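Presented below is the structure to which this report refers.
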Protein chains: 2
Amino acid sequence: MLPLTDFDRRDWQTTTGGTVRFALVGLGWWTTDVAIPAVADADLCEASVLVSGSRHKARRVADRHDVPHAITYEAFHEGEASDAYDAVYVCTPNVHHLEYAETAAEFGKAVLCEKPMEATVERAERMVEACERADVPLMIAYRMHTDPAVRRARELLGDGFIGDPVSVYGNHTQPLLEMIADPDQWRLDPDRTGYGTSVMDLGIYSINTTRFLLGRDPVAVRARMTSTDEAFADVPDERSSATFRFEDDLHMVTTSSQHAQNDTHLKLTGTEGQIELHPAFQGTCTLRLSRGELRATVEHDDAGAEREMREEFDYFADRILSGAEIYADGRHGLTDMRILAAMYESAERDERIEL
Amino acid sequence: MLPLTDFDRRDWQTTTGGTVRFALVGLGWWTTDVAIPAVADADLCEASVLVSGSRHKARRVADRHDVPHAITYEAFHEGEASDAYDAVYVCTPNVHHLEYAETAAEFGKAVLCEKPMEATVERAERMVEACERADVPLMIAYRMHTDPAVRRARELLGDGFIGDPVSVYGNHTQPLLEMIADPDQWRLDPDRTGYGTSVMDLGIYSINTTRFLLGRDPVAVRARMTSTDEAFADVPDERSSATFRFEDDLHMVTTSSQHAQNDTHLKLTGTEGQIELHPAFQGTCTLRLSRGELRATVEHDDAGAEREMREEFDYFADRILSGAEIYADGRHGLTDMRILAAMYESAERDERIEL
């Protein structure tokens, strides 16, 4: 049966009552253009505090979106407006995630942290420890997990739609410098992004979404990375490719690049059928199904990153309000960080790395 | 400019006069259902001799298609009807290609040999030597080279449509045992197929078509192969994945399997655009183009393997009649054989193999 009836159903929802008040930390374009509208559209969330390096900028954005509190990073750490929020959403350069998560944990606030979780495994581990020590919920913001197309794909996989999975292909490429022309942007600076750029920022989608869809993790990886363009001189992975092993004989191959035509694609081929998400990772997620001689395509007219973020915010709020288990918790994110680190290590040492 | 005007044009054609008479060797379903109708539809070809293990079968097929001569393999080797053909088309199990090519060469006939060229590199080398010694034309039957969609893709790549190539993804999967239910078929018998099945029979398409499209060859490969189903116990590659290096930093990844949902796909992503052939390799070749925010899909209503084979037969006949250079000559095929052998060696030794 094609999953068209109740395609958007929130099979994860456990409560419909209550509101979680968010402090949104880091006011880059993703927060202002996507996250704030998503929170405004969510059932269980409201934005109560905006946090930025500049109080002026925070105030300007807050006024535009009717958010009561606008504070600086310093004021956030000092506890200003800490009675006004229940949770924080951290959307800063990777290497700053830890400090805001730690402060939030100290104040007993729940933490929703953008992916990749942090710049290094060690810093991601410290984030998990801080949140566990403070006993606050921590979730990593993998918005694919609450995209309806991804959830329906996962159900189909669970129902055996493709039979035994044979191979997975993932690609995520985009022309970063055409999107953000600044050559000094943080995604090209290893002091702020961590191990690199294409794999950290883009390749993670293929890996994490496959983990979510199949419910299993790779056991070994071999990656190759190259950088030749001057703008990518400080990072190893202007371009990358990788192969992953799992405990069975599933074959997974991926490619990613921050300097290429935009394309997002995840394809799972099995003994009996195939599920493609194409496009996959940038707000529009089209489901392409085939089994034997039959083919079907499911396109969603109400697509976009804002819708995906709304679903993610409401999922997180639902978990906070009901206390139900969080799927993408800190340890889930930590597994990705270890896979990412292994990929960079593999590329540098030209060896397969066991996970 | 989208290549829709004269999409099917034979930019390779050098002559329109003359006819090449073919002996078709091996009367499996591909010859009877695809190659014989393709020759009948071709401008420069005619089928004059059919060669099979059984004279009765050869006669039956010949009568159905109005082919004058029907002979056995033994009679072919003994020179029966050798005045009645100018060229042979060899479409037998891989390990028999050499013997028919050698006999044809001895009789001074041109040779069109199906891919993969032979069961091993050594036997493929002997084929090249036999044809060079006899000074007869040898072509390996890569029908993708004369598919209009592939030729137009090649022109677009040459014109810089995708910019600098960043990554290539190729997949070729099919459910072999659903297509041909016999577990004793030659494609699962290493004595007849050569090194294996999925990479020899399917993976070769991604590799060879990429070589043709980009005009360059990989310099190193790393492959992984697994077989778990009982039907694939004698071959190493029920499933396979591989990564290829080129002289620059192009990243190529491929997968193939004879035990999976049917899918054929070649995707070339560049700094400026992307060209996909999807489906790609089984007679229908749909061209999917993107560049920046623009997308276009070119589907061909007059598709099918027979059309591809017709173009290939006419290309080969054109070369024989005019003496013009053959693109996919024996040495071109030999390069593929060495790549295939390296992939099996890589998988067995778990090492990267330099080419």
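The values are calculated or read from the model by the stated rules, or taken from the named source; none is laboratory data. Note that the coordinates shown come from a computational prediction; the quantities given were computed from them, not determined experimentally. Cβ: placed from backbone, ideal geometry, glycine included. Neighbour counts: every protein chain shown. We work out accessible area using only protein heavy atoms, side chains counted, and drop any ligands, DNA or RNA first. Shrake-Rupley method; radii C 1.70, N 1.55, O 1.52, S 1.80 Å.
Going by the structure shown, is A:Thr197 of a type in the set (Val, Ile, Thr), in contact with a Pro (Cβ under 9 Å, 6 or more places away or on another chain) and closer than 30 Å to B:Asp350 by Cα?
yes
How about segment B:283-301: which of its residues are without any contact (Cβ under 8 Å) to a residue 60 or more places away in the chain and open to solvent by 20 Å² or more (accessible area, probe 1.4 Å)?
Of everything in segment B:283-301, those that are without any contact (Cβ under 8 Å) to a residue 60 or more places away in the chain and open to solvent by 20 Å² or more (accessible area, probe 1.4 Å) turn out to be B:Thr284, B:Arg288, B:Gly292, B:Glu293, B:Leu294, B:Arg295, B:Thr297, B:Glu299, B:Asp301.
Can you list residue pairs whose Cβ atoms sit under 9 Å apart, with the first residue in segment A:309-320 being assigned by TED's automatic domain parsing to the domain that holds A:Gln282 and the second being in a helix (DSSP H, G or I)? Count only pairs 6 or more apart in sequence or on different chains.
Listed by first residue and then by second, the contacts come to nothing, as the list is empty.
When only residues in segment A:139-184 that are under 21 Å from the mean Cα position of the chain (by Cα) and of a type in the set (D, E, K, R) count, which is farthest from A:Arg239 (Cα to Cα)?
If we take residues in segment A:139-184 being under 21 Å from the mean Cα position of the chain (by Cα) and of a type in the set (D, E, K, R), then A:Glu155 is farthest from A:Arg239 (Cα to Cα).
Out of A:Arg192, A:Arg216, which single residue is touching a helix residue (DSSP H, G or I) at 6+ places or on another chain (Cβ under 8 Å) and surrounded by fewer than 24 Cβ atoms within 10 Å (Cβ to Cβ)?
A:Arg192
Determine whether B:Gly270 is of a type in the set (Gly, Ala, Ser) and within 14 Å of chain A (Cβ to nearest Cβ).
yes
Output yes when any residue across segment B:206-225 is under 30 Å from A:Leu289 (Cβ atoms), away from chain A (no Cβ under 12 Å) and without any contact (Cβ under 8 Å) to a residue 60 or more places away in the chain, and no when none is.
Checked segment B:206-225: at least one residue is under 30 Å from A:Leu289 (Cβ atoms), away from chain A (no Cβ under 12 Å) and without any contact (Cβ under 8 Å) to a residue 60 or more places away in the chain.
From the set of residues in segment A:329-354 that are of a type in the set (A, V, I, L, M, F, W, C) and in contact with a Lys or Arg (Cβ under 8 Å, 6 or more places away or on another chain), which is nearest to B:Asp350 (Cα to Cα)?
Checked segment A:329-354; the qualifying residue nearest to B:Asp350 (Cα to Cα) is A:Ile353.
For segment A:102-182, which fully contained strands (runs of 3 or more DSSP E) count at least 3 residues that are within 14 Å of chain B (Cβ to nearest Cβ) and either crowded, with 22+ Cβ neighbours inside 10 Å or not β-branched (Val, Ile, Thr) (or both)?
A:165-175
Please give the number of the condition B:Gly330 fails out of (1) open to solvent by less than 10 Å² (accessible area, probe 1.4 Å); (2) more than 19 Å from the chain's Cα centre (by Cα).
(2)
Considering segment B:57-69 alone, what residues qualify as being hydrophobic (A, V, I, L, M, F, W, C) and surrounded by fewer than 22 Cβ atoms within 10 Å (Cβ to Cβ)? Explain how you work it out, then say what you get.
Step one: list which residues in segment B:57-69 are hydrophobic (A, V, I, L, M, F, W, C), which gives B:58, B:61-62, B:67.
Of everything in segment B:57-69, just one residue is hydrophobic (A, V, I, L, M, F, W, C) and surrounded by fewer than 22 Cβ atoms within 10 Å (Cβ to Cβ), namely B:Val61.
Would you point out which residue out of B:Thr19, B:Thr32, B:Thr72 is over 26 Å from B:Gly304 (Cα atoms), of a type in the set (S, T, N, Q), open to solvent by 10 Å² or more (accessible area, probe 1.4 Å) and under 26 Å from the mean Cα position of the chain (by Cα)? Break it down into steps so the answer makes sense when it comes.
Values: B:Thr19 fails: over 26 Å from B:Gly304 (Cα atoms); B:Thr32 fails: over 26 Å from B:Gly304 (Cα atoms).
Just a single option satisfies the conditions, and that option is B:Thr72.
Has segment B:46-58 got at least one residue that is within 30 Å of B:Ala296 (Cα to Cα) and either in contact with a His (Cβ under 9 Å, 6 or more places away or on another chain) or among the charged types (D, E, K, R) (or both)?
no
Scan segment B:226-267 for residues that are closer than 13 Å to B:Gln174 by Cβ, open to solvent by 20 Å² or more (accessible area, probe 1.4 Å) and more than 7 Å from chain A (Cβ to nearest Cβ) and report the count.
Total meeting the criteria: 1.
In this structure, does A:Arg187 turn out to be surrounded by fewer than 24 Cβ atoms within 10 Å (Cβ to Cβ) and either within 26 Å of A:His278 (Cα to Cα) or at pLDDT 95 or above (or both)? Can you show your working first?
Values: surrounded by fewer than 24 Cβ atoms within 10 Å (Cβ to Cβ): yes; either within 26 Å of A:His278 (Cα to Cα) or at pLDDT 95 or above (or both): yes.
Considered against the rule, which asks whether it is surrounded by fewer than 24 Cβ atoms within 10 Å (Cβ to Cβ) and either within 26 Å of A:His278 (Cα to Cα) or at pLDDT 95 or above (or both), A:Arg187 comes out as yes.
With the requirement that a residue be within 12 Å of chain B (Cβ to nearest Cβ) and either over 19 Å from the mean Cα position of the chain (by Cα) or among the hydrophobic types (A, V, I, L, M, F, W, C) (or both), what does segment A:277-301 give you? First the steps, then the outcome.
Filtering segment A:277-301 for residues within 12 Å of chain B (Cβ to nearest Cβ) gives A:278-279, A:288-295.
Matches in segment A:277-301: A:Arg288, A:Leu289, A:Ser290, A:Arg291, A:Gly292, A:Glu293, A:Leu294, A:Arg295.
Of all residues in segment A:217-276 being assigned to a loop (DSSP other than H, G, I, E, B) and among the hydrophobic types (A, V, I, L, M, F, W, C), which is nearest to A:Ala149 (Cα to Cα)?
A:Leu250
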